[in-house]
1. Among 312, 306, which is the only one that is at positive phi and either touching a strand residue (DSSP E or B) at 6+ places or on another chain (Cβ under 9 Å) or in contact (Cβ under 8 Å) with a residue 40 or more places away in the chain (or both)?
2. When residue 297 is evaluated against the numbered criteria (1) crowded, with 19+ Cβ neighbours inside 10 Å; (2) over 21 Å from residue 337 (Cα atoms); (3) touching a helix residue (DSSP H, G or I) at 6+ places or on another chain (Cβ under 7 Å), which criterion, by number, is the only one it fails?
3. Does at least one position in segment 207-217 carry a residue that is outside the structural domain of residue 291 (by TED's automatic domain parsing) and at pLDDT below 95?
4. So is residue 250 touching a helix residue (DSSP H, G or I) at 6+ places or on another chain (Cβ under 9 Å), assigned by TED's automatic domain parsing to the domain that holds residue 212, surrounded by 13 or more Cβ atoms within 10 Å (Cβ to Cβ) and at pLDDT 95 or above or not?
5. Kindly indicate which of 357, 267, 292, 272 is surrounded by fewer than 18 Cβ atoms within 10 Å (Cβ to Cβ) and touching a helix residue (DSSP H, G or I) at 6+ places or on another chain (Cβ under 9 Å).
6. Consider segment 321-340. How many of its residues are out of contact with any strand residue (DSSP E or B) (no Cβ under 7 Å at 6 or more places or on another chain) and either within 17 Å of residue 224 (Cβ to Cβ) or outside the structural domain of residue 224 (by TED's automatic domain parsing) (or both)?
7. So which residues in segment 170-202 are in contact with a strand residue (DSSP E or B) (Cβ under 9 Å, 6 or more places away or on another chain), surrounded by fewer than 22 Cβ atoms within 10 Å (Cβ to Cβ) and in a helix (DSSP H, G or I), if there are any at all?
8. Going through segment 92-123 one residue at a time, which ones are at positive phi and in contact with a helix residue (DSSP H, G or I) (Cβ under 7 Å, 6 or more places away or on another chain)?
């Protein structure tokens, strides 16, 4: 069976590693071809990146590059269609909600190649987010939809998908599954590698549970002066109030916007702060180490929200909503958006020592094996 996996950014390649590992270990009858669209260029994606994580390098790189949503998606549709026609796969597999995911869904559905969507059913219910449009359109053109959460599964049912599984799924009669999260699979696997290889805790002279980890990169925060100033003002208040370090691996865009949009008095306070430590962007293994050893995580990243939960860390979400509603429902995460007082209040609440619970809502760590078996059953 030939399966083409399409990825467009480094996080998707890391997600894809769980599936590639599962078929390499258990499903030799599946031949996987990995196509990287080049939607996001990442200088950290060197040969060392793939070797360090044991991830198969993409077989094909389309080198699409960044541009407007329309132009980028159009170029990808054309190039992905050519690959699908030439390779004639049994199915094409996509992750999440990038433009690469959308382009694949359009290209594959037009020429009747079955689409397998991992991370199906996630909804922010905010269609101003490009990702929301991408994931909805992909879901409604897929044949097999694997949702990491019960909420995602219920979202699909509310949108008209049937919970009844058929023996011959198709785009007209798709199968939907609640199967767990491949990133939980990965976190278990890569956590051990991180313990062996990452030295960032020592390099930054950090102590376990004695610092806050934060990431800020979403356009809604970095490009909005009010939001950016509110977030960094809260960082000053929190670190000074609790006498605790805050580590901020800084996205290049955030650094650029800080220079142009932060108030002068805030810039000065950050520069003079004994508690706020701005670091270069961290590798995947380093960010895992930082997450596992932090006391609290403050982020606008969807991936870090989940990983905070995987490692049983409280999380403050710098967004107006989240696709991962389960972590909020457990009380282990709080949505604050970029509201300064809400951020401070959430952190203070977590510092109060209240007991937190982290029930297993993201599967058993074997989601990728389940998916591979079901793909074989349905599409071979």
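1. None of the other options fit; the residue is 312.
2. (2) is the only condition that residue 297 fails.
3. No, segment 207-217 contains no residue that is outside the structural domain of residue 291 (by TED's automatic domain parsing) and at pLDDT below 95.
4. no
5. Just one listed residue meets the conditions, 267.
6. Result for segment 321-340: 4.
7. The answer is 200, and nothing else.
8. Correct list: 96, 121.
The values are calculated or read from the model by the stated rules, or taken from the named source; none is laboratory data. Note that the structure is predicted; figures quoted are calculated from it, not measured. We place every Cβ from the backbone using ideal geometry, glycine too, and count neighbours over all the protein chains shown.
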